[in-house]
Amino acid sequence: MSSQLHTVEKIGGTSMSNYEAVRDNVIVADRSHEDLYQRIFVVSAYAGVTDELLEHKKTGEPGVYALFADAESDWAWGDDLTKLIKFLTDINGDLFEDPMLKQQADQFITDRIEGVRGCLIDLQRLCSYGQFQLEEHLLTVREMLAGIGEAHSAFNTALKLQQEGINARFVDLTGWRDTELLPLDEKLKQAFDAVDLTRELPIVTGYAQCKEGLMRTFDRGYSEMTFSRVAVITDAREAVIHKEFHLSSADPNIVGADKVVPLGRTNYDVADQLANLGMEAIHPRAGKGLRQAEIPLRVMNTFEPEHTGTLITGDYISEKPQVEIIAGAKGVFAIEVFDQDMQGEPGSDRRILDVLSRFKVRFLAKDTNANTITHYVGSTLKHVKRVVNTLKEEFSTGEVTTRKVAVVSAIGSDMKVPGILSRSVKSLADKEISVLALHQSMRQVDIQFVIDEEDYEKAVIALHGVLIEPHNHEYAIVAAESTLELGE
């Protein structure tokens with residue numbers, strides 16, 4: 001495989017659901033037949049499919065996995081699996097007009113799902129004996145179910161492209177009926193050794209079964225890790241993520257499309273801050289691999305292929321100190337532990353973190369003083385209640401309280417701007433928004449404002465107005481120049 005000639009590109013679920021846009025804007029665009037190759041595409045499941053397979057990402061509504069894991073649901077998961085076949089074959093019906101191709105696609109996904117059904121029935125039967133515990137196998141079940149979504153979309157895309165005269169190759173990393181479990185990097189080397197990038201277009205499943213167990217660490221961020229490692233292992237020239245929107249200076253739905261600008265350039269540090277807020281440009285661990293291999297990452301809008309998108313590199317620092325993006329998170333819970341015995345007792349924070357870790361609750365920020373530690377967590381109310389009950393047992397002489405808040409961040413690769421904090425707080429005060437807590441680290445890549453949830457949109461608009469909009473013309477210049485960064 002020729003080093004530094006090819007790109008590795010990831011297509012998200014919302015984009016995948018619009019095959020024509022992906023084909024016309026991303027895969028083919030205005031390329032000649034020869035120019036179609038030297039690219040690897042890592043694809044996500046179609047929009048909504050992973051929600052049906054596992055559980056709804058935002059509402060927590062159970063999918064097949066959640067029903068199977070719930071011992072009280074008995075066989076409800078089986079009915080859900082049957083509904084899933086109809087859901088996926090309906091997607092096939094929208095994609096394939098040719099009845100022979102539709103039959104081929106339906107056969108592929110039905111065989112997969114029925115294979116999984118048989119496996120789950122056997123597992124449930126096995127675990128009816130006391131010596132076998134279902135909990136020990138749930139992570140494997142979760143991985144097996146997740147892989148169905150990516151196998152479905154990758155197989156369909158390769159089949160459709162082949163029909164249209166492109167030499168696409170379905171690369172199935174889901175481990176379906178594999179006889180050995182390999183480490184991820186070894187599995188990828190083995191998969192791509194057989195691929196000729198000069199004349200084949202690999203369509204790769206975003207889920208990869210491997211010894212490390214991607215879901216154990218990344219849960220539903222696994223496709224970004226697969227994408228990152230494929231880029232590193234194959235020594236890509238550039239990694240590209242195609243989303244249904246630009247990586248912009250704020251959410252255009254809040255601030256207005258006429259006021260936001262694509263970032264154009266930024267660095268992996270900024271990408272990490274966005275990931276912390278749940279607005280992932282890329283998962284931090286996936287970004288780390290690209291950064292270490294010195295592979296630049298480009299985030300592009302599927303529906304604006306002529307735009308060069310935003311280029312993320314390890315060494316970029318804005319020409320002058322400035323804020324690049326206003327981002328945030330709603331539905332955040334502040335969990336406050338107050339205990340007078342905390343003072344001079346260094347282990348309190350560790351005890352709280354152990355509880356958060358046990359319930360797999362991630363925190364966006366925290367603050368401490370002599371007798372109080374507050375963690376701002378992004379989680380469901382159900383999980384927060386469990387955390388609070390456990391903390392009350394752990395700190396029996398203290399008080400544990402919760403409050404629903406929002407976090408809004410000003411983020412930039414270099415924010416050493418004199419007076420930025422006072423200007424930010426004044427812009428919020430002018431809109432009668434109370435700042436409940438404030439976090440700024442010495443690294444000066446972000447400032448976090450904790451506010452009432454109802455003030456979230458107002459705060460984003462206010463901060464964008466004072467910190468970014470006066471400099472919009474400069475961002476437009478940076479965006480235009482970003483296309484010149486890589487070996488023209």
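Somewhere in region 251-270, is a residue closer than 28 Å to VAL450 by Cα, among the hydroxyl-bearing types (Ser, Thr, Tyr) and in contact with a Ser or Thr (Cβ under 8 Å, 6 or more places away or on another chain)? Looking for residues that are closer than 28 Å to VAL450 by Cα, among the hydroxyl-bearing types (Ser, Thr, Tyr) and in contact with a Ser or Thr (Cβ under 8 Å, 6 or more places away or on another chain), one finds at least one in region 251-270, hence yes. Restricting the first member to region 377-397 and to residues that are farther than 12 Å from VAL337 by Cβ and without any contact (Cβ under 8 Å) to a residue 60 or more places away in the chain, and the second to residues that are basic (Lys, Arg) and outside any helix (DSSP H, G or I), the beta-carbon pairs closer than 7 Å and six or more apart or on different chains are VAL377/ARG362.
Of all residues in region 36-77, those satisfying the criterion of being under 24 Å from LEU188 (Cβ atoms) and either in a strand (DSSP E or B) or open to solvent by 40 Å² or more (accessible area, probe 1.4 Å) (or both) are GLN38, ARG39, ILE40, PHE41, VAL42, VAL43.
Could you pull out the residue among THR308, THR226 that is farther than 30 Å from HIS375 by Cα, part of a loop (DSSP other than H, G, I, E, B) and among the polar types (S, T, N, Q)? Let's see the steps before the verdict.
On the way: THR226 fails: part of a loop (DSSP other than H, G, I, E, B).
Exactly one residue qualifies, and that residue is THR308.
Among the residues of region 429-449, some residue qualifies, meaning at least one is surrounded by fewer than 15 Cβ atoms within 10 Å (Cβ to Cβ) and assigned to a helix (DSSP H, G or I). If the condition is being open to solvent by 40 Å² or more (accessible area, probe 1.4 Å) and closer than 24 Å to VAL435 by Cβ, then region 350-370 contributes ARG362, PHE363, LYS366, ASP367, THR368, ASN369, ALA370. Figure legend. Inter-residue proximity from region 37-59: first residues in contact (Cβ under 8 Å) with a residue 12 or more places away in the chain and over 10 Å from ALA146 (Cα atoms), second residues among the polar types (S, T, N, Q) and in a loop (DSSP other than H, G, I, E, B), beta-carbon distance below 9 Å, spacing 6+ or different chains. Indicated pairs: TYR37/ASN167; TYR37/THR198; GLN38/SER2; GLN38/THR198; ILE40/THR234; TYR46/SER17; ALA47/SER17; GLY48/SER17. Just so you know, in region 229-246 the residues that are open to solvent by 20 Å² or more (accessible area, probe 1.4 Å) and at negative phi include one that is farthest from the chain's Cα centre (by Cα), and it is ARG237. PHE338 fulfils the conditions (1) open to solvent by 20 Å² or more (accessible area, probe 1.4 Å); (2) at pLDDT below 90; (3) within 30 Å of GLU394 (Cα to Cα) except for a single criterion, (2). Scanning region 162-178 turns up one or more residues that are without any contact (Cβ under 8 Å) to a residue 12 or more places away in the chain, part of a helix (DSSP H, G or I) and either open to solvent by 10 Å² or more (accessible area, probe 1.4 Å) or in contact with a strand residue (DSSP E or B) (Cβ under 6 Å, 6 or more places away or on another chain) (or both).
Scanning region 450-464 for residues that are over 25 Å from the mean Cα position of the chain (by Cα), more than 17 Å from ILE420 (Cα to Cα) and in a helix (DSSP H, G or I) yields GLU454, ASP455, LYS458.
The values are calculated or read from the model by the stated rules, or taken from the named source; none is laboratory data. On a predicted model such as this, the values are computed, not experimentally measured, just so you know. Cβ coordinates were reconstructed from backbone atoms using ideal geometry, including for glycine residues, and neighbour counts include every protein chain displayed. Ligands, DNA and RNA are stripped out before the accessible areas are found, and what is left, the full protein with its side chains, is counted by its heavy atoms. Shrake-Rupley method; radii C 1.70, N 1.55, O 1.52, S 1.80 Å.
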